[in-house]
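In what follows, a structure is listed as structure tokens, so that the remarks can point back to it.
The values are calculated or read from the model by the stated rules, or taken from the named source; none is laboratory data. Note that the structure is predicted; figures quoted are calculated from it, not measured. Here the Cβ is made from the backbone with ideal geometry for all residues, glycine too, and neighbour counts use every protein chain on show. Surface areas here come from the heavy atoms of the whole protein model, side chains and all, with no ligands, DNA or RNA. Shrake-Rupley method; radii C 1.70, N 1.55, O 1.52, S 1.80 Å.
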Amino acid sequence: MKLGFIGLGIMGTPMALRLAKAGHALHVTTIGPVAEELLKQGAQHLATAEQVAEQSEIIFIMVPDTPQVDDVLFRADGVAAGLSPNKVV
């Protein structure tokens with residue numbers, strides 16, 4: 001399954017690592033650096049949330065609070081811009 005992760009902080013990185021180790025294809029983006037171990041597990045780092053949504057079947061958002069969720073979803077290059085039918089956020 002193609003999974004997307006937006007926000008790879010103290011919660012997102014460990015969750016993404018477990019899924020990568022289980023064999024899922026991961027597409028990720030975050031405001032800081034992506035953990036080297038996650039990249040070694042095959043995660044593809046993309047520039048925008050829109051790109052993550054385009055490449056993923058299920059998109060996880062791990063950001064601190066409601067304003068950041070709103071931003072990630074609805075900015076010009078956000079998740080909503082990259083969604084198509086049958087995707088789950």
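Name the residue that is least open to solvent (accessible area, probe 1.4 Å), counting only residues in segment 66-89 that are of a type in the set (D, E, K, R) and more than 17 Å from M1 (Cβ to Cβ).
Going through the qualifying residues, I end up with D77.
If you check P14 against the conditions, is it open to solvent by 50 Å² or more (accessible area, probe 1.4 Å) and part of a loop (DSSP other than H, G, I, E, B)?
no
Taking the condition touching a Ser or Thr at 6+ places or on another chain (Cβ under 9 Å), surrounded by 13 or more Cβ atoms within 10 Å (Cβ to Cβ) and without any contact (Cβ under 8 Å) to a residue 24 or more places away in the chain, does L3 pass?
Answer is no for this residue.
Regarding G42, is this residue on the phi > 0 side of the Ramachandran plot and open to solvent by 20 Å² or more (accessible area, probe 1.4 Å)?
yes
Mind checking which residues of segment 1-14 are modelled with pLDDT of 95 or more and in contact with a Phe, Trp or Tyr (Cβ under 8 Å, 6 or more places away or on another chain)?
The answer is L3, G4, F5, I6.
Six or more apart or on different chains, Cβ under 7 Å: which pairs go from a residue in segment 7-28 that's closer than 23 Å to D71 by Cβ to one that's of a type in the set (S, T, Y) and open to solvent by less than 10 Å² (accessible area, probe 1.4 Å)? Could you list them?
H27/S56
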